[in-house]
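**Student:** Here's a structure for you.
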Amino acid sequence: MIDRKTPNKTLGESLRDHGLSRRGFLKFCAATASMMALPPGMVPVIAAALEQARRPSVIWLSFQECTGCTESLTRSHAPALEDLILNLISLDYHHTLQAAAGDAAEDARLQAMEANTGQYLVIVDGSIPGPDSNPGFSTVAGRSNYEILMETVEHAAAVIAVGTCAAFGGLPQASPNPTGAMSVMDLVKDKPVINVSGCPPIPMVITGVLAHYLTFGRLPELDAYHRPLAFYGQSIHDRCYRRPFYDKGKFAETFDDEGAKLGWCLYRLGCKGPSTYNACATMRWNGGVSWPIESGHPCLGCSEPSFWDAGSFYQPLSVPLTATSGDLLTAAVGGAVVGAGVATLANKQIKTAVANRQPVTVEELEEKL
């Protein structure tokens, strides 16, 4: 049997073996702190933790998906893919990236599970046909997605659902959901599950979650949908550079009118930014070059549950409301975007909406499980 136990070297030793200088290591730690929305004072803490951290074994399972999440990861620029694989983790199984195929590939997964029992991480992208669905809808090596998922997570330390399909069911779960697609957290109830939603998710968020796990030995603080608050704690609307136009009531009415050319708010063209929580506006895409709204297209809300069935992508959520304070607190309540200063919304509804955004600690999550 091939020994697939994660190498005993610390991350610091592995980085030095790959020629990374101390200065380069500290720059990497500073980038990691920025990624995780931590203050600069945490850089020495991260450096000390990563210096002694052991690379975890990672098993990546791909189910009902389009490979977009892997494509997103391979375009990660901080840290680069090769750093992620060679230095941060031991990627022991991944359909798309591994050299092995057939029986050898499945043997690699089983051996990694056995050698690192209780310590390995499982990353899942793609939804899973549920246990009551036809197992032939999606199979790997002649076995159903559900069977492979439950077998693999049994002795895992934690599960990371990458992409909206894995986190919430995504496109495969869209009505009428012919395969009976389910999310990871619908099926895995006895392990901590963290959702990195998005279609696809931002690559820096994927690597940021892994870096947090390595630094602190636990998953980051989560929101009510099991997403890391560092990246999903604020709405697209709150961080959008077009927000001042929203507050002034200046909206593009068509994709080629004067407002669109002047960069006005895209709310009336269907932008779901007020009800979507993600870091697109600050981290952006393609190495920080741009993001959909900057390119002139409204946010589709792809990091939210059931976004495929939430109505037209090009119809506004509701008629825009202006808060009397000028500081709009947005929340999805009954399908409408509301302002905290709008008297027509009952206080109970506001409190409920805000309560749904309260953080969930890993300890609280594990207690619920």
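Each reported figure results from applying straightforward, stated rules to the coordinates on display, with no laboratory input. Just so you know, these numbers come straight off a predicted model, no measurement behind them. Every residue, glycine as well, gets a Cβ built from its backbone with ideal geometry; the counts of neighbours run over all protein chains shown.
**Student:** How many nm is it between the label spots at residue 250 and residue 314, if each spot is 7 Å from the Cα in line with the beta carbon?
**Tutor:** 2.5 nm
**Student:** Next question. Could you sort the peptides 122-129, 64-71 by per-residue average Cβ neighbour count (10 Å cutoff), highest mean leading?
**Tutor:** My ranking of the peptides, most packed first, is 122-129, 64-71.
**Student:** Right, something else. Can you pull the one-decimal nm distance between simple spin-label points at residue 71 and residue 284, each 7 Å off the Cα toward Cβ?
**Tutor:** Placing both labels 7 Å along Cα→Cβ, they lie 2.1 nm apart.
**Student:** What is the spin-label model distance, in nm, from residue 224 to residue 154 if the labels are put 7 Å beyond Cα along the C-beta direction?
**Tutor:** 3.6 nm
**Student:** Right, next: Could you tell me the largest-minus-smallest coordinate of the C-alpha atoms of region 69-227 on each of the three principal axes, in descending order and whole angstroms?
**Tutor:** Computed over region 69-227, the largest-to-smallest principal extents equal 40, 37, 29 Å.
**Student:** If each Cα of region 215-312 is one equal point scatterer, what is log10 of I(q)/I(0) from the Debye formula at q = 0.20, 0.23 Å⁻¹?
**Tutor:** Each listed q corresponds, in turn, to -1.01, -1.23.
**Student:** Which order results if 62, 14 are arranged by neighbouring Cβ count within 10 Å, fewest first?
**Tutor:** The most exposed by this proxy come first: 14, 62.
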